[in-house]
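These notes concern the structure reproduced below.
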Ligand code: WQD
């Protein structure tokens, strides 16, 4: 039984990846999560869905000693998926030092332990935010990255550089950086999903919270962009597809002794969808008329970005399965369950 450490296991993508691992492998996931951006209840939900208890170490991964203690207690860790990071773009603009400290220090500690305890594989949670505002679309892994639009995006660019430099000094660890586009939706059970912030920054939780009455309205941040309907375009991808890709990335490193020491892969659908198309899709699948209005542009927004996912298809044999309707419907089901429970 292979033991895999999931950092940020109580988080949105981390919890979905733990479920995917339990349901589709014989691996044993363990978690390290200090609940700074999540809740212990998630592990109760994972138990309800899978019947399995997942051990979680409540550790600040910026503390080298406490991080190392996880590996001393679990010398058989055979792989790491490093999700734990702060991820709010606007918050990173207000608190850049918090983001640089948390997101970089935790990664450095994890890699130092991977090297010391000879953990052969590390998957790093990166982001399409590394691309910045790109003219030529779709973006592929060779698209030159440009100046990050936020400290959050810059921490992901720095993280990839750390992995690249780390690969040059170690033979024993191979790493893959997965660049997520826009993860949305929730597990089919409706028992786990994106834990809502007070006021969500992201579009889909804002749509579902407005539909359920928690928020008054959705403000569409600008409809005067040079796109087919004037609103920004993104590449939305179901969180369960993202979770499956993480398991596939570990399997790829397991099965391919000749895999490069460091790889970067886009995780998207290749379909660009506008904000208004998201609003209309939600209304269609939910039957709920959404209260929205057009507002000013949001600083830091890129006009459009979507992925060329041919490399991830070729490397991992992965391609997304869920449709936009299914993404929206699963997000809506999660929101409705949140209201009941
Ligand atoms: C999407 C579109 C907004 C809210 C996110 C994460 C980032 C990264 C990439 C993982 C934009 C518009 C939004 C609202 C709106 N993910 N919008 N009204 O900015 O693409 O970035 O995905 O690493 O961490 O933040 O996602 O959902 O905030 O915005 O009009 O109330 O929806 O302008 O065009 P974004 P988002």
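Of all residues in region 252-270, those that are assigned to a helix (DSSP H, G or I) and either touching a strand residue (DSSP E or B) at 6+ places or on another chain (Cβ under 8 Å) or under 22 Å from residue 169 (Cα atoms) (or both) total 3. Residue 162 falls short on exactly one of the conditions (1) in contact (Cβ under 8 Å) with a residue 40 or more places away in the chain; (2) closer than 19 Å to residue 88 by Cβ; (3) more than 9 Å from the ligand (Cβ to nearest atom), and that condition is (2).
Within this structure, residue 295 passes the test of being over 30 Å from residue 1 (Cβ atoms), surrounded by fewer than 18 Cβ atoms within 10 Å (Cβ to Cβ) and within 14 Å of the ligand (Cβ to nearest atom).
Quick grid of which residues meet (1) under 26 Å from residue 169 (Cβ atoms); (2) touching a helix residue (DSSP H, G or I) at 6+ places or on another chain (Cβ under 7 Å):
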site	(1), (2)
219	no, no
222	no, no
246	yes, yes
250	yes, no
272	no, no
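Region 80-185 holds helices (runs of 4 or more DSSP H) entirely within its bounds, and those carrying 1 or more residues that are at pLDDT below 95 and closer than 25 Å to residue 64 by Cβ map to 89-94, 151-169. Close Cβ contacts (under 8 Å, 6 or more residues apart or on different chains) running from residues in region 181-209 that are in contact (Cβ under 8 Å) with a residue 40 or more places away in the chain and under 24 Å from residue 137 (Cα atoms) to residues that are within 8 Å of the ligand (Cβ to nearest atom) and assigned to a loop (DSSP other than H, G, I, E, B) comprise 181/305; 182/202; 184/202. Here residue 194 meets the list (1) more than 11 Å from the ligand (Cβ to nearest atom); (2) part of a loop (DSSP other than H, G, I, E, B); (3) under 20 Å from residue 13 (Cβ atoms) almost entirely, failing just condition (1).
Within region 300-334, no residue satisfies the criterion of being free of Cβ contacts under 8 Å to residues at least 60 places away in the same chain and within 11 Å of the ligand (Cβ to nearest atom). Of everything listed in (1) more than 15 Å from the chain's Cα centre (by Cα); (2) away from the ligand (no atom under 13 Å from the Cβ), the single unmet condition for residue 230 is (2).
When you check residue 208 against the structure, is it more than 10 Å from the ligand (Cβ to nearest atom), surrounded by 22 or more Cβ atoms within 10 Å (Cβ to Cβ) and farther than 20 Å from residue 320 by Cβ, yes or no? In short, yes.
Taking the stated definitions as given, is residue 244 in contact (Cβ under 8 Å) with a residue 12 or more places away in the chain, at negative phi and within 12 Å of the ligand (Cβ to nearest atom)?
Values: in contact (Cβ under 8 Å) with a residue 12 or more places away in the chain: yes; at negative phi: yes; within 12 Å of the ligand (Cβ to nearest atom): no.
Taking the combined requirement at face value, the residue does not satisfy it.
The values are calculated or read from the model by the stated rules, or taken from the named source; none is laboratory data. In this text the structure is predicted, and so the values were computed from the model without any measurement. Cβ atoms come from the backbone with ideal geometry, glycine included; neighbour counts cover every protein chain shown.
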